[in-house]
Amino acid sequence: MSIKPKLILPFVLFYSLICGAQVIAIENGPDIQEKLQEALILAKPGDTIRLAEGFYSFSDGLSLDVDEVKVVGAGMDKTVLSFAEQESGAQGLLVTSSKVILKDFAIEDAKGDALKVIGADGIYMINIRTEWTGGPKSTNGAYGLYPVESKDVLIDGCVAIGASDAGIYVGQSENIIVRNSRAHYNVAGIEIENSYYADVYDNVASHNTGGILVFDLPDLPQQGGHHVRVFRNKAVDNDTDNFAPEGNIVGEVPRGTGIIIQANSDVEVFDNDISGNGTVNLSIVTYSAETDDENYYPHPKSIQVHGNRFGNGGFDPDVDKAIAGILYELSEGNMPDIFWDGILPLTQMIFGQPDEEKLVLSDNGEASFMALKPIKYMLSLPNVTTSDTEPYNLKIRPLSAVVMEIPEGI
């Protein structure tokens, strides 16, 4: 789409100058696609694009590639950017610039991802809602809030509903805070993938297939996800059937999973409420699919789970998914609150893990536990599981908090 700069004058409804920066006020009306996209193209660093209350309908995706721009609406339920009529574009809004603040608006029914951010050094998403309003469907876009390959990522007070992969997803990024947000009716509610240094706290993940996922996957430029803290969240009542399109990795997540940690290291899960998840409240697993990626380490290590409150779980296991079916069989239907598959490199399965890599379980109330004894399992020997938590009742080594310089006034 080509937009001539001379057209900006009739499209911009109001300007004011604050410390040399413009406030560009946009109201709904004819040609809103061109009005808003032109404002995004012609904005200068320091400008604010202010979207008035209204329901805005777009037929194409929007994009922003200017640093230090604010896009601010009147509220996530008052300023709604609808892409229900979208005919082109891979996402609703694409941001490829840094130090960008997005605040107080909604993106609905995007053809692909709702809000995608690539390569930002500073991206701040405040009170943003992404939603597919027709309910869970495999034809919904994959991701709601979707920053990747970025640094200093803040997601605060956001809502994500109906994504066919993950509602709130941060991938291959560093220095991340996800807080005060809600994820409902997604396949994965909140997912931190192949990322370093993340704090996920004071969120609610409910009525997803899986609530909170901390994954590391092969064949990606950034691997070895580590230092992730998941605390003061509610991962409760995740009960939506998996509706991911066929072939997606997240399509293997069983319905009714609270928290999953897969192939990450230095993950601390504490002070969470985890209950009402019909398959398993918390699972710690190895990436089990075959891969040719020689640099990939598929086993979780240095995982600490302590001070959590576990409620009812395992009452409706999704046995059609492989891991849930195996767990159901091994537990004879008595699904544990915490499951560890026990799989390690062969030398560690024989001689044990280094002390600093061992699983730590402490002060989790009456939570039940089950771990595999993989060698016995593979050889079909008796007693292939254990429920004894005493070997894992080790000293907690708290991870450091994420430190982020957050712009004032957001």
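The values are calculated or read from the model by the stated rules, or taken from the named source; none is laboratory data. None of the values given here were measured: they were computed from a predicted structure. Counting neighbours? That spans all protein chains shown, and the Cβs are built from the backbone with ideal geometry, glycine included.
Filter segment 260-286 for residues that are part of a loop (DSSP other than H, G, I, E, B) and either surrounded by fewer than 20 Cβ atoms within 10 Å (Cβ to Cβ) or within 18 Å of the chain's Cα centre (by Cα) (or both) and give the result.
Those that are part of a loop (DSSP other than H, G, I, E, B) and either surrounded by fewer than 20 Cβ atoms within 10 Å (Cβ to Cβ) or within 18 Å of the chain's Cα centre (by Cα) (or both): ALA263, ASN264, ASP271, ASN272, THR286.
Does ASN364 satisfy being buried (at least 16 other Cβ atoms within 10 Å of the Cβ), among the polar types (S, T, N, Q) and part of a loop (DSSP other than H, G, I, E, B)?
Values: buried (at least 16 other Cβ atoms within 10 Å of the Cβ): yes; among the polar types (S, T, N, Q): yes; part of a loop (DSSP other than H, G, I, E, B): yes.
Taking the combined requirement at face value, the residue satisfies it.
Just checking, which of THR130, THR139 is in a loop (DSSP other than H, G, I, E, B) and either surrounded by fewer than 24 Cβ atoms within 10 Å (Cβ to Cβ) or out of contact with any Cys (no Cβ under 6 Å at 6 or more places or on another chain) (or both)?
Step by step, each of THR130, THR139 is checked, and only THR139 is in a loop (DSSP other than H, G, I, E, B) and either surrounded by fewer than 24 Cβ atoms within 10 Å (Cβ to Cβ) or out of contact with any Cys (no Cβ under 6 Å at 6 or more places or on another chain) (or both).
Determine which member of the set PRO374, PRO345, PRO382 is exposed (fewer than 15 other Cβ atoms within 10 Å of the Cβ), within 23 Å of ASP266 (Cα to Cα), more than 24 Å from the chain's Cα centre (by Cα) and not small (Gly, Ala, Ser). Before you say what the answer is, go through the steps one by one.
Details: PRO374 fails: exposed (fewer than 15 other Cβ atoms within 10 Å of the Cβ); PRO382 fails: within 23 Å of ASP266 (Cα to Cα).
Just one listed residue meets the conditions, PRO345.
Listed here are the residues, each with its yes/no results for (1) among the polar types (S, T, N, Q); (2) assigned to a helix (DSSP H, G or I); (3) out of contact with any Leu (no Cβ under 7 Å at 6 or more places or on another chain); (4) touching a residue at least 60 places away in the same chain (Cβ under 8 Å).
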| position | (1), (2), (3), (4) |
| --- | --- |
| PRO30 | no, no, yes, no |
| GLN33 | yes, yes, yes, no |
| LEU40 | no, yes, no, no |
| SER63 | yes, no, no, no |
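Please verify whether segment 188-202 includes one or more residues that are farther than 15 Å from ILE261 by Cα, touching a Gly at 6+ places or on another chain (Cβ under 9 Å) and not polar (S, T, N, Q).
no
Can you pull out the residues in segment 175-191 that are without any contact (Cβ under 8 Å) to a residue 60 or more places away in the chain and either crowded, with 23+ Cβ neighbours inside 10 Å or at positive phi (or both)?
Passing the criteria: VAL178, ASN180, SER181, ALA183, TYR185, ASN186, GLY189, ILE190, GLU191.
Show me the strands (runs of 3 or more DSSP E) entirely contained within segment 153-201 in which 3 or more residues are within 16 Å of VAL250 (Cβ to Cβ) and either small (Gly, Ala, Ser) or in contact with a strand residue (DSSP E or B) (Cβ under 6 Å, 6 or more places away or on another chain) (or both). Walk me through it before giving the result.
Working: elements: 159-161, 166-171, 174-179, 182-184, 188-193, 196-201.
Because the criterion is at least 3 residues that are within 16 Å of VAL250 (Cβ to Cβ) and either small (Gly, Ala, Ser) or in contact with a strand residue (DSSP E or B) (Cβ under 6 Å, 6 or more places away or on another chain) (or both), the strands (runs of 3 or more DSSP E) in segment 153-201 that meet it are 166-171, 188-193.
Would you confirm whether any residue within segment 143-160 is more than 21 Å from TYR196 (Cβ to Cβ) and of a type in the set (Lys, Arg)?
no
The rows are residues; the columns are (1) surrounded by fewer than 23 Cβ atoms within 10 Å (Cβ to Cβ); (2) of a type in the set (A, V, I, L, M, F, W, C).
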| site | (1), (2) |
| --- | --- |
| VAL72 | yes, yes |
| SER98 | yes, no |
| ILE101 | yes, yes |
| PHE105 | no, yes |
| ILE123 | no, yes |
| GLY157 | yes, no |
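Of (1) within 21 Å of GLY211 (Cα to Cα); (2) loosely packed, with under 14 Cβ neighbours inside 10 Å; (3) at pLDDT below 95, PHE315 satisfies all except one. Which?
(3)
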